[in-house]
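The values are calculated or read from the model by the stated rules, or taken from the named source; none is laboratory data. For clarity, every value in this text was computed on a predicted model and none was experimentally measured. All Cβ positions, even for glycine, are placed from backbone atoms using ideal geometry, and neighbour counts span all protein chains on display. Surface accessibility is based on the protein's heavy atoms, side chains included, excluding ligands, DNA and RNA. Shrake-Rupley method; radii C 1.70, N 1.55, O 1.52, S 1.80 Å.
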Amino acid sequence: MGGLLLSFNMWIQDKALRAPGVRSACAAACGVVLAGVVAQPVWADDQLDPLVVTATRVPSAVSARLADVTVVTREEIERQGAGGVADVLQRLPGFQVYRNGDAASATSVMIRGSNARHVLVLVDGVPTGTQTTGGATWESLPLAWVDRIEVVRGPASAAYGSEAMGGVVQIFTRKGKDAPRVSLGMGLSDQHLIQTDASAAGVLGMFDYLVGVAGETSNGFNARSNTVANKLASDRDGHESNSSHAAFGFQLAPGQRVQATLNQAHLNNQYDFSTTSTKDDRAKKDSSQAGLNWSAQWLPNWQTITTLGQSTDAYETRGSSLYNSLTRTQNASVVNQVQLGSHSLRALLERREDHLVNSTLTLGIQDRRGDQKTNAVGLGYEFQTQALVTGVNWRHDDNSRFGEHDTGSASASLEVAPGQRVRASVGTAFRAPTLYQLYSNNGDPTLQPETSLTRELAYTLSVDGVQWGLTGYSTHYDQMIDYSSTKICWTGKAGCYGNTAKARIEGATLSMSGLMLGPVRLQGSMDWLNPTNTAKDKWLARRARQEAKLRAEWTAMDWDLGAQVQATGRRYDDDANTKKLGGYAWYSLDGTRKLNASTTLLVRVSNVSNHNYGNKHFWNYNYSNQYLRNNINKCANNVGNHSYGNKHFWNHNYSNEY
């Protein structure tokens, strides 16, 4: 499934035509391909000691963190050429991803083997996700407007409440910077892939802005591998998408900034309801996030961050199956932090309201609508010296459906020798039942929150510019919500949700970055996982026990070159462990060359080995790409025409030259 994609973009500044800034070359993957990213990349503030917001909800230095945190910059996203947010995360330690076909299809992301619904996703501080099965709709998160991504692995309910059992992923969108400019972009492919985008951004005194739109259409490919010939299920599964982003900031005074953001995304993709589908099955997904953030530095040692937000997630199917659902989440939070010498005190007030309109809600629900409200208070304390950092967090949630729940965490980090640090932590977390799990035809209104207890021990070593890390963790899950085909529901029929499952996940991650072997710079990770369903004494489905990732970068003949490999061990596609999914390895090459002051050529080749594999029964995945970026961009994907799958009998094949 080879292809050709040609893309051009430009930006205009001060009425003079100039070459564009670095485009989103990362967009040439999977199906939500955002090849023509329009805006000049907006970089996070450059600092010798960068700040991370997500770990504690207020800016803190990475060197003093008490959690397992990773920051992905826009530069890294573009250099490695990811196709969507999930593809960016898949390359990080501790992450595993599976989907029903290409990047426009249903996608799930797991951190350290946790369920997909155990990952809290924030967009500029606004929670986003569904109240059906839970978790974010990853395929609806446009990569075009991402400035950076912050990841926290491990339980974070003591800071965020429900959902943050496995970790937190926060997406920070772009904002205006530097002089006003207009950017334009377009991409074409012989797979009938067409991409267009445009944006305007800049700074005018104390005011900054960025507004942009992006669109894409593609005929796609057949996502299923076991379809019946001469049926619509055996045709190509294409998609069309569009997104818009607006960010407006105002510096009220030194230390006082207000930021407003609005994101919208629409995705209409074809899928196959069954192997014999005779109708044009389609899934329509619409998502949005609107947020208002006020950051106030009242005194050198006193800071307040206030956030108001609303997100929506709509899902509708047409064709063989008729279904519709709409989730709306509203939140408001105030975080105060006071620094008193080596002591840091933090206080939180938060309110969240979740609403669900779903065609299957019936139990005690009027107009097929359900809702729940949560009020929360939290406290945090940290003590820091040059060698020792300690922290404790506590949070109390009061939910209108299941009542009160407390979570807490404690951690310590000690520098045992120059460049060597040991970190230990323990934390509890919970996940509230979704409104769908409570009140649908398959729901149970007596469901209780899922709970977990995690212990973690880590060692880091920094020597001669090389960073090594070894992290071990053990998580015990209780009251896990699972679907049981034999449980008698409130309707009197068998088949509904219940607190029937227990699990134990033990694992370790070895990571390395900055290692030089002659002119070659290496970074990589190795994950070991023991994901056990203790109620059934089986592997948890779709979790690989071993996964290795390695990237090498070097310079030769004016080219900045890179090579990457990911090897994933075998898994099972079902809880009974009867459907085995074999292991696979995935290779890619990329090269960047500065042609002149305004043009950069970026070439990427993926799936060099032409290896077939899958991570879900009857679903295939084929991805390979090569591209060139900047004002003239060229990319060739899937040179080896590699076909593989991440679910059994589902195809994933994306190939293009860009």
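Miscellaneous remarks
- The single condition among (1) within 25 Å of LEU262 (Cα to Cα); (2) crowded, with 19+ Cβ neighbours inside 10 Å that ALA332 does not meet is (2).
- Residue check, ALA417 surrounded by 15 or more Cβ atoms within 10 Å (Cβ to Cβ) and either more than 27 Å from the chain's Cα centre (by Cα) or aromatic (Phe, Trp, Tyr) (or both): no
- Residue in region 236-252 that is small (Gly, Ala, Ser), over 23 Å from the mean Cα position of the chain (by Cα) and under 22 Å from LEU210 (Cα atoms) present: yes
- Within region 106-127, the set of residues being part of a loop (DSSP other than H, G, I, E, B) and open to solvent by less than 10 Å² (accessible area, probe 1.4 Å) comprises GLY113, SER114.
- LEU143 at pLDDT below 90 and hydrophobic (A, V, I, L, M, F, W, C): yes
- For the residues THR491, THR486, the requirement of being over 17 Å from ARG153 (Cα atoms), surrounded by fewer than 18 Cβ atoms within 10 Å (Cβ to Cβ), of a type in the set (Val, Ile, Thr) and in contact with a strand residue (DSSP E or B) (Cβ under 7 Å, 6 or more places away or on another chain) singles out THR486.
- Strands (runs of 3 or more DSSP E) contained entirely in region 532-635, each with at least 1 residues that are at pLDDT 90 or above: 546-556, 559-568
- Matching residues in region 31-84 - criterion: being of a type in the set (Val, Ile, Thr) and either open to solvent by 40 Å² or more (accessible area, probe 1.4 Å) or at pLDDT below 85 (or both): VAL32, VAL33, VAL37, VAL38, VAL42, VAL62, VAL71, THR73, ILE77
Condition check ((1) at pLDDT below 90; (2) crowded, with 22+ Cβ neighbours inside 10 Å; (3) at positive phi; (4) part of a loop (DSSP other than H, G, I, E, B)) across all residues:
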| position | (1), (2), (3), (4) |
| --- | --- |
| GLU163 | no, yes, yes, yes |
| LYS177 | yes, no, no, yes |
| LEU184 | yes, no, no, no |
| SER218 | yes, yes, no, no |
| ASN226 | yes, no, no, yes |
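- Within region 130-144, tally of residues that are open to solvent by 10 Å² or more (accessible area, probe 1.4 Å) and outside any helix (DSSP H, G or I): 8
- Here ALA576 fits the description: open to solvent by 40 Å² or more (accessible area, probe 1.4 Å), farther than 13 Å from ASP527 by Cα and without any contact (Cβ under 8 Å) to a residue 60 or more places away in the chain.
- Residue in region 385-400 that is outside any strand (DSSP E or B) and within 21 Å of LEU349 (Cβ to Cβ) present: yes
- Check on GLY135, without any contact (Cβ under 8 Å) to a residue 60 or more places away in the chain and in contact with a Gly (Cβ under 9 Å, 6 or more places away or on another chain): yes
- Condition check for LEU322: out of contact with any Asp or Glu (no Cβ under 9 Å at 6 or more places or on another chain) and more than 27 Å from LEU292 (Cα to Cα): no
- Only one of the numbered conditions (1) in contact with a helix residue (DSSP H, G or I) (Cβ under 6 Å, 6 or more places away or on another chain); (2) outside any loop (DSSP other than H, G, I, E, B) is not met by ASP272, and that is (2).
- Any hit, region 456-465, residues being at pLDDT 95 or above, open to solvent by less than 40 Å² (accessible area, probe 1.4 Å) and over 30 Å from ASN324 (Cβ atoms): yes
- Residue match in region 489-505 (condition: touching a residue at least 60 places away in the same chain (Cβ under 8 Å) and either under 26 Å from the mean Cα position of the chain (by Cα) or over 27 Å from LEU326 (Cβ atoms) (or both)): yes
- Which numbered condition THR428 misses (of (1) open to solvent by 40 Å² or more (accessible area, probe 1.4 Å); (2) without any contact (Cβ under 8 Å) to a residue 60 or more places away in the chain): (2)
- One residue from GLU456, GLU415 being closer than 25 Å to GLY378 by Cα and of a type in the set (D, E, K, R): GLU456
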